[in-house]
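So the structure is just underneath, and the comments pick up after that.
The values are calculated or read from the model by the stated rules, or taken from the named source; none is laboratory data. Model, not experiment: these values are computed from the prediction. For neighbour counting, all protein chains shown are included, and Cβ atoms are generated from backbone atoms with ideal geometry for every residue, glycine included. Calculation scope for accessible area: heavy atoms of the full protein, side chains included, ligands and nucleic acids excluded. Shrake-Rupley method; radii C 1.70, N 1.55, O 1.52, S 1.80 Å.
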Amino acid sequence: MNEIDALLTEERKFPPPPKFVANAVVNDPAIYDEAERDPEAYWAREAARLEWIQPWTQVLDWTPPHFKWFVGGKLNAAANCVDRHALGPRRDKPALIWEGEPGDKRTITYGELYSEVTRFANALKSLGVTKGDRVAVYLPLIPEAAIAMLACARIGAIHSVVFGGFSPDSLRDRIIDAEARVLITADGGYRRGGVVALKANADKALAETPSIEHVVVVQRNHGTSSEQISCSMQQPRDLWWHELMQKAPEGGDPVPMDAEDILYILYTSGTTGNPKGVVHTTGGYMTAVTSTTRNVFDLREDDVFWCTADVGWVTGHSYLVYGPLSNGATCVMYEGAPDWPDKDRFWALIAKHKITILYTAPTAIRAFMKWGDQYPARHDLSSLRLLGSVGEPINPEAWIWYSRHIGHDRCPIVDTWWQTETGSIVISPLPGITSTKPGSATFPLPGCSADLLDSNGRSIPVGGGLLALTRPIPSMLRTVWGDDERYRKTYFSKWPGRPDLYFPGDGAKRDEEGFYWILGRVDDVLNVAGHRIGTMEVESALVEHPAVAEAAVVGKAHELKGQALAAFVTVRASHQSSPELATELKQFVADKIGAIARPDDIIFAADLPKTRSGKIMRRLLRDIAEGRALGDTTTLADAAVVEGLKQQYESLEP
Ligand code: WTA
């Protein structure tokens with residue numbers, strides 16, 4: 001039996017535009033061979049893009065499942081992101097262009113960022129924070145989030161950013177696990193026109209977190225004429241950010257960090273169990289995010305780079321803060337929702353700030369498709385020259401829509417596969433070299449090596465299987481905070497006797513030309529009459545239908561087939577759901593992929609249940625399809641969505 005069947009064939013292929021190739025930062029394909037011949041030498045060259053306080057003596061020390069990069073080297077992440085630009089040629093270059101949801105704006109140059117970061121670093125020191133201490137960050141997407149992270153890095157404190165949309169309980173669990181001494185939060189932030197009362201949430205969490213000594217609170221509207229968000233301050237624990245900053249001096253030396261000293265912890269929930277604190281260290285992480293930001297996004301001096309992710313996710317850590325700032329780039333940061341005040345906010349931002357590189361997620365792209373083509377059409381998007389995607393497999397039709405309506409068939413798309421655990425992009429095109437196929441993340445980047453294996457560890461040259469990373473990447477997690485056994489079990493024990501193989505938990509297929517296609521989490525793979533079907537391909541077939549914007553496919557128990565397919569489908573604003581459309585969609589999938597993948601049920605949904613980072617939660621849809629009580633819903637962004645679907649599904653049953 002196959003690990004996973006490969007069902008869909010995608011024939012379209014797009015070579016990089018010749019004009020793009022001519023000017024690309026990386027356009028010599030020899031880079032792949034060179035890196036393959038000597039991956040350590042490749043990463044050592046990339047590490048030289050950073051400023052080191054002390055050189056390393058050994059590139060890689062690998063004792064599976066553990067490894068160390070740049071052994072003996074010393075550097076400081078914040079100094080690389082701020083000082084070397086502010087005290088060098090980029091003092092007056094904008095580092096952050098920020099826009100709040102209500103429309104308030106701030107532009108911070110590298111010189112100003114230096115002042116903010118060093119002052120806040122000194123403020124943290126005045127609270128007694130020293131190297132190795134943990135600092136929890138629970139903020140809206142405002143410049144202070146980046147400043148707080150960099151200030152921690154400057155003094156060697158370990159930050160643990162918790163997404164501002166998480167509940168008091170989630171915040172509490174993460175603070176307790178990391179034993180954080182300080183929490184940095186805000187009175188509130190804005191989302192879809194409303195106020196998210198962060199400090200009030202934090203207060204609930206703080207009732208059960210004895211390790212916290214101080215809470216630093218950013219006044220979100222400080223210095224503006226807008227009304228302040230009310231919150232209560234508890235003396236002497238709680239301190240206002242702006243008051244601390246008034247007293248804090250600028251400057252001071254960054255703490256020299258060992259390459260293997262911890263830079264941050266970031267919690268990731270996965271599908272089961274309590275969240276894991278993914279541990280990232282300094283030298284390898286900074287090397288890989290600096291290198292991939294430059295090479296994958298073709299970053300140039302005059303680019304305006306917008307990664308739409310929140311700092312609460314790894315994408316925000318690596319490609320909103322550390323990667324772009326280390327390269328001295330100008331980054332756009334937007335606090336709020338894409339549909340506030342209207343569904344064209346993203347496109348208005350691109351036109352206004354002349355954004356050149358956009359990095360966003362398939363879940364957002366499918367929402368844009370659902371809302372309609374008229375929203376991007378209203379704005380001048382001609383500044384864009386490169387588009388990126390991350391977070392889920394991008395369905396080929398969503399890829400084509402993105403390319404046409406946002407990139408105007410002119411911008412290469414980089415579909416980037418990676419994880420919180422890998423820290424930086426692993427499988428992705430290099431836009432000046434790689435031909436792309438819609439839905440494929442293409443090939444492992446230079447210096448990265450992957451394979452497709454069956455459960456016995458045999459390589460599958462062409463077809464579907466389990467994705468494995470066969471060599472450590474500098475930015476990969478070093479352990480799970482406080483639980484090294486969980487690190488070994490989760491990531492390095494899939495293939496017995498092979499503790500060198502990293503298992504990311506994803507299924508993938510490889511085509512005749514070696515392109516990788518991520519098929520989704522192996523936990524979500526369906527088994528229909530002995531055929532192992534990844535969710536991605538059936539969903540992509542559905543999204544090819546002109547009426548469909550988004551689809552999620554799950555298995556439900558079936559007497560004869562083992563499992564049958566249930567498809568939850570969101571239709572585009574321009575179309576209507578109907579029983580006839582349901583019948584048509586079942587046939588459409590059968591025609592595209594084969595009768596084996598014909599869904600038994602089509603359930604029309606206004607929205608699909610998603611995690612707060614935008615990933616579809618198929619586990620809950622499975623519960624609905626099998627008529628079970630819903631499992632753990634704590635990571636769900638909007639609980640009303642699944643309750644509504646459950647009722648709808650039950651009324652559908654004969
Ligand atoms: C999925 C986000 C297909 C995958 C950076 C991975 C993707 C998980 C892609 C990690 C992509 C991410 N194509 N699937 N381009 N990018 N994924 O930790 O299942 O939030 O294992 O990191 O998202 O999600 P995480």
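In table form, for the structure just shown:
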quantity	calculated
Residues that are surrounded by fewer than 17 Cβ atoms within 10 Å (Cβ to Cβ) and in contact (Cβ under 8 Å) with a residue 40 or more places away in the chain, drawn from the range 616-627	Glu626
Number of positions in the range 381-411 that are within 20 Å of the chain's Cα centre (by Cα), under 14 Å from Leu430 (Cα atoms) and not hydroxyl-bearing (Ser, Thr, Tyr)	3
Complete set of residues in the range 261-274 that are surrounded by 19 or more Cβ atoms within 10 Å (Cβ to Cβ) and not in a strand (DSSP E or B)	Asp261
Pro429 being in a loop (DSSP other than H, G, I, E, B), crowded, with 24+ Cβ neighbours inside 10 Å and either under 18 Å from the mean Cα position of the chain (by Cα) or not small (Gly, Ala, Ser) (or both)	yes
Out of Lys131, Lys105, sole residue that is open to solvent by 30 Å² or more (accessible area, probe 1.4 Å) and under 26 Å from Arg300 (Cα atoms)	Lys105
Among (1) buried (at least 21 other Cβ atoms within 10 Å of the Cβ); (2) without any contact (Cβ under 8 Å) to a residue 60 or more places away in the chain - the single one Leu141 does not satisfy	(2)
Residues that are free of Cβ contacts under 8 Å to residues at least 40 places away in the same chain and more than 9 Å from the ligand (Cβ to nearest atom), drawn from the range 383-399	Leu384, Leu387
Odd one out for Ala605, checked against (1) at pLDDT below 90; (2) within 27 Å of the chain's Cα centre (by Cα); (3) within 19 Å of Val543 (Cβ to Cβ)	(1)
Residue tally, condition outside any strand (DSSP E or B) and under 22 Å from the mean Cα position of the chain (by Cα), over the range 608-631	10
Scope the range 601-631; condition away from the ligand (no atom under 16 Å from the Cβ) and touching a Gly at 6+ places or on another chain (Cβ under 6 Å); matching residues	Asp623
Residue list for the range 310-329, restricted to those being away from the ligand (no atom under 16 Å from the Cβ) and open to solvent by 10 Å² or more (accessible area, probe 1.4 Å)	Asn327
Qualifying position, being closer than 24 Å to Thr570 by Cβ and buried (at least 21 other Cβ atoms within 10 Å of the Cβ), among Arg404, Arg366, Arg378	Arg366
Search result, residues across the range 33-61 that are of a type outside the set (Asp, Glu) and either loosely packed, with under 14 Cβ neighbours inside 10 Å or part of a loop (DSSP other than H, G, I, E, B) (or both)	Arg37, Ala41, Ala48, Arg49, Leu50, Trp52, Ile53, Gln54, Pro55, Trp56, Thr57, Gln58
Hey, Tyr491 crowded, with 17+ Cβ neighbours inside 10 Å and touching a Ser or Thr at 6+ places or on another chain (Cβ under 7 Å) or not	no
Condition met for Arg220 (within 19 Å of Gly312 (Cα to Cα), among the basic types (Lys, Arg) and not in a loop (DSSP other than H, G, I, E, B))	no
Selection within the range 281-309 - under 27 Å from Pro16 (Cα atoms), open to solvent by less than 10 Å² (accessible area, probe 1.4 Å) and assigned to a loop (DSSP other than H, G, I, E, B)	Phe297, Asp298, Asp303
Residues satisfying the stated conditions in the range 487-512, i.e. away from the ligand (no atom under 16 Å from the Cβ) and of a type in the set (S, T, N, Q)	Ser493
Conditions (1) under 30 Å from Asp373 (Cα atoms); (2) of a type outside the set (Phe, Trp, Tyr); (3) within 16 Å of the ligand (Cβ to nearest atom); (4) open to solvent by 20 Å² or more (accessible area, probe 1.4 Å); number of the one not met by Val522	(1)
Selection status of Lys586, touching a residue at least 40 places away in the same chain (Cβ under 8 Å) and not in a loop (DSSP other than H, G, I, E, B)	no
Residue check for Arg91: open to solvent by 20 Å² or more (accessible area, probe 1.4 Å) and in a loop (DSSP other than H, G, I, E, B)	yes
Selected residue (only one of Leu560, Leu542 is hydrophobic (A, V, I, L, M, F, W, C), open to solvent by 10 Å² or more (accessible area, probe 1.4 Å) and more than 16 Å from the ligand (Cβ to nearest atom))	Leu560
Verdict on Pro504 being farther than 21 Å from Gln648 by Cβ and either buried (at least 23 other Cβ atoms within 10 Å of the Cβ) or touching a Leu at 6+ places or on another chain (Cβ under 7 Å) (or both)	yes
Failed criterion for Lys354 (all others in (1) within 14 Å of the ligand (Cβ to nearest atom); (2) at positive phi; (3) not small (Gly, Ala, Ser) hold)	(1)
Those residues of the range 445-456 which are out of contact with any helix residue (DSSP H, G or I) (no Cβ under 9 Å at 6 or more places or on another chain) and open to solvent by 10 Å² or more (accessible area, probe 1.4 Å), in sequence order	Ala450, Asp451, Asp454, Ser455, Asn456
Those residues of the range 407-439 which are among the hydroxyl-bearing types (Ser, Thr, Tyr) and either without any contact (Cβ under 8 Å) to a residue 60 or more places away in the chain or more than 15 Å from the ligand (Cβ to nearest atom) (or both), in sequence order	Ser435
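Yes/no per residue for (1) of a type in the set (Val, Ile, Thr); (2) open to solvent by 60 Å² or more (accessible area, probe 1.4 Å):
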site	(1), (2)
Val571	yes, no
Ser574	no, yes
Pro579	no, yes
Gln587	no, yes
Arg598	no, yes
Ala606	no, yes
Ala629	no, yes
Leu645	no, no
